[in-house]
Structure formats: C-alpha cells, structure tokens
Amino acid sequence: MNAVLSSIAKGITVCYSEVFPDQSDDFFHLAYIGKLFLIADSYCMNPDCKCQEAVLKFVQVYPREGKKADSFIIRYKLNGRGYTILERNGFTKREIQAIVMHFTPDDTILKLLNERYEEMKEKAKEILS
Ligand SMILES: [Zn+2]
C-alpha cells in the first residue's frame with residue numbers, strides 16, 4: 001500500500017482496481033457504435049478532501065486504430081453536475097460528450113461511482129490508522 005500512501009501525500013488520484021484488485025468488476029466496459037471502451041475509475045484518497053469527483057479514463061480497446069490504444073480522460077462530478085475534460089487526445093468534445101452520455105444514461109453508474117468513492121475514502125482511513 002506504499003504506492004497508495006505516496007499518492008495520498010502527493011494528492012494524486014488512485015485507480016479503484018489498484019486498491020481492490022480482486023473484484024470481477026474492476027473495470028467498466030462500454031460498447032458504443034462499434035467501438036469497445038474499457039473505463040478505469042480513479043479517486044482522490046485524501047480522507048479530508050470532499051471533492052466528490054472521479055477521474056475516468058476511457059480506453060478504446062476495439063478497434064485499435066494505432067499501435068497505442070486511444071484514450072481520453074475526464075474529471076466526473078459525482079453529484080451528477082457534469083465533467084471536465086482533462087485529456088482529449090484524438091477525440092472531439094462532441095464524441096466525448098456522446099460517449100459519456102452513453103456510459104451514464106441514468107443514475108446507475110453514478111450511484112456505483114459514489115459507492116466506490118466512499119469505499120476508497122474508507123480504505124484510505126484504514127491505511128492511515
Ligand atoms: Zn479530493
């Protein structure tokens with residue numbers, strides 16, 4: 001858990017699958033008009049921080065359009081009030097908007113992300129105690 005402590009100290013978000021690696025649902029998947037995305041969710045683990053955000057990295061795993069996987073990163077507000085694009089790479093703002101809307105058509109994913117945010121904060125408290 002040293003990597004987690006170091007991330008907390010630096011204020012860097014930590015990937016859920018890194019902290020809970022044994023879960024079957026460690027990553028999210030999304031099929032979107034012939035494309036397949038893998039979504040990695042990261043969270044700020046500072047127990048005192050109330051940011052209520054998840055950093056979501058969307059990696060296009062199919063089709064592979066280059067040797068390197070195409071991806072974009074957003075900072076997603078867990079109160080449902082939108083997102084900020086952190087890294088766009090080859091994706092347009094409209095594409096990102098369409099993909100994100102497809103990923104969160106209702107509040108199912110939002111609820112799940114909020115649960116995972118809480119789990120990460122709890123884990124941080126446990127590590128720091
Ligand atoms: Zn935070």
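The values are calculated or read from the model by the stated rules, or taken from the named source; none is laboratory data. Worth saying up front: this structure is predicted, and the values here are computed from it rather than measured. Counting neighbours? That spans all protein chains shown, and the Cβs are built from the backbone with ideal geometry, glycine included. The accessibility values were calculated without ligands, DNA or RNA, using every heavy atom of the protein model including side chains. Shrake-Rupley method; radii C 1.70, N 1.55, O 1.52, S 1.80 Å.
Heavy atoms of the protein chains alone define the surface here; on that basis the chain has 60 Å² accessible area per residue at 1.4 Å probe size. At full extension, Arg88 and Asp106 could sit 4.1 nm farther apart than now, given 0.36 nm per residue minus the alpha carbon distance.
Mind giving me the FRET efficiency for Gln23 and Glu95? R0 is 22 Å, r the Cβ-Cβ distance, nearest 0.05 is fine.
FRET efficiency, Gln23 to Glu95: 0.15.
Ordering Tyr117, Ser17, Tyr32 by Cα displacement along the dipole of region 2-128 toward the positive end leaves Tyr32 in first place; charges were set at the Cβ atoms of Lys, Arg (+1) and Asp, Glu (-1). Dividing the mean sequence gap of close Cα pairs (under 8 Å, 6+ apart) by how many residues region 2-128 holds gives a relative contact order of 20 percent.
Taken about its Cα centre, region 18-129 carries a charge dipole of roughly 600 debye when the Cβ of each Lys and Arg holds +1 and the Cβ of each Asp and Glu holds -1. Based on the Kirkwood approach, the hydrodynamic radius assigned to the chain is 15.3 Å, with every pair of different Cα atoms included. Remark on Asp70: its backbone amide H falls under 5 Å from those of Gln60, Glu65, a criterion applied only to residues 5 or more positions apart or on other chains, H modelled at 1.01 Å from N.
For Lys111, a cut-off of 17 angstrom between C-alpha atoms picks up these aspartates and glutamates, skipping any fewer than 8 places away in its own chain: Asp25, Asp26, Asp41, Glu53, Glu119, Glu122. With each run of n ≥ 4 DSSP H residues scored as -39500 (n - 2.57), what mean residue ellipticity at 222 nm is computed for the chain after dividing by its residue count and rounding to the nearest 500 deg cm²/dmol? Taken over the chain, the calculation gives -10500 deg cm²/dmol. Please identify the trypsin sites (Lys or Arg not before Pro) of region 1-99 that satisfy two criteria: DSSP loop assignment and at most 16 other Cβ atoms within 10 Å. Which are they? Sparse-neighbourhood loop trypsin sites (Lys or Arg not before Pro): Lys50, Arg64, Lys67, Lys68, Arg81, Arg88. If R0 equals 25 Å, the separation of the Cβ atoms of Arg75 and Glu126 corresponds to a calculated FRET efficiency of about 0.50.
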